[in-house]
Amino acid sequence: MDRLFALEPMLYQEPDVPSNVIRILTPWSQHQLASQRQERTPVQTRPIAERPHDQIYEFRKRMRADYLERIAPSPERVNDYLEGIVAVIVHQKHVGTDYRTFSRRTVGDSKALERNEGAVLRLVGAVLDLPPSRNARASFSALGLERFSQPLLLSGPCLLSGADISAISYVGIPPAAIDTLTFVAEPEYVLTIENFASFNRHVLEADPCRRGLALYVGGYPSLGTQKALRALSERLPVRVPFFHWSDIDPDGTWIFKTIEAAVERRLTPHLMSRELAEIYGEPIAGQARLRRGEGGASGIASLIDYLASAEAKVMEQEQIDPRIPGEG
């Protein structure tokens, strides 16, 4: 300290230490400060101006309402829909119509049936005979309601619109074109087959010489396929035997009975027996869905009675090598 006083004696004679004081300015303007409290003014009401017409807004509003109605329809609409669509199917007014056209004409929504297949199928099943598996698309197809019928595959000593197709493994035609089919020679048999692999094996391995007429019915035969089989049955003499080859299970017996009703003649099971099921089959998963005696006078009645028992086994037809009906 003494040294500091000695260096600048005049600087430290006063009691205050010199320093620079920086002026602090507030960032707020006088106009930004809160004004004094004023008396409360009364609230005045006035009419709200009408919303200007907006076409885009109105369109989106309608689209939103339609969407909500589709994903969560009212109970009244669901009831009206089910009653209307089921009544049309039960009274056979749907025949010849594809899925979406039928749905649009019936309830005004082309996709309504696809969204409610299960509910419609349960109601229709209470009135009509449906496949045991209750597969919606297959069941509706068997009733005649499908997008479009799949081709009918066939192989045999045939002429198609006058052209010999017996040298070809098989051909596919629309079921409605069955009238264009004639024969080079009378077939020794007619065999309908459920499974596509078994159909191919039969055509290529069991009957390469085209002795009989083999047809692939595509699982559950559509109504178009059933009509084609009926027309074929009417054109062939009674001496030509008809056979059917399916899986040994409840669905296979339903397919057999459907074709049997379509051809209106005796239909014989081919490679479908209790003995084969016992050798190559497996136990039914869960309870059997068939009842003893429901086969009536059908050619598959004995197999239905077997499948109705708790000890029954089911078998896929691919387990068996194909062979000519009535041989072996």
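Coordinate-derived values only; no laboratory data. These figures come from a predicted structure and were not determined experimentally. All Cβ positions, even for glycine, are placed from backbone atoms using ideal geometry, and neighbour counts span all protein chains on display.
Descriptive notes on the structure:
- Amide hydrogen neighbours beyond the local backbone of Thr268, cut-off 5 Å, H modeled: Phe242, Phe243, His244
- Among the GluC sites (Glu not before Pro) within region 221-328, those in coil by DSSP and having at most 12 neighbouring Cβ atoms inside 10 Å are Glu264, Glu311, Glu327.
- Rounded to the nearest whole Hz, the Karplus-based 3J(HN,Hα) values (6.51 cos²θ - 1.76 cosθ + 1.60, θ = phi - 60°) of region 44-50 follow the sequence 10, 8, 8, x, 6, 5, 5, with x at glycine and proline.
- Sequentially through region 260-277, phi angles give Karplus couplings (6.51, -1.76, 1.60; θ = phi - 60°) of 4, 5, 6, 7, 6, 8, 5, 10, 10, x, 10, 6, 10, 8, 5, 4, 5, 5 Hz, Gly and Pro residues having no value and appearing as x.
- Here's the list of aspartates and glutamates a cross-link from Lys227 could span, going by alpha-carbon distance under 16 Å and ignoring same-chain residues fewer than 8 apart: Glu146, Asp179, Glu260, Glu264.
- Close amide H partners of Leu152, meaning residues 5 or more places away or on another chain with modelled amide H under 5 Å apart, are Ile173.
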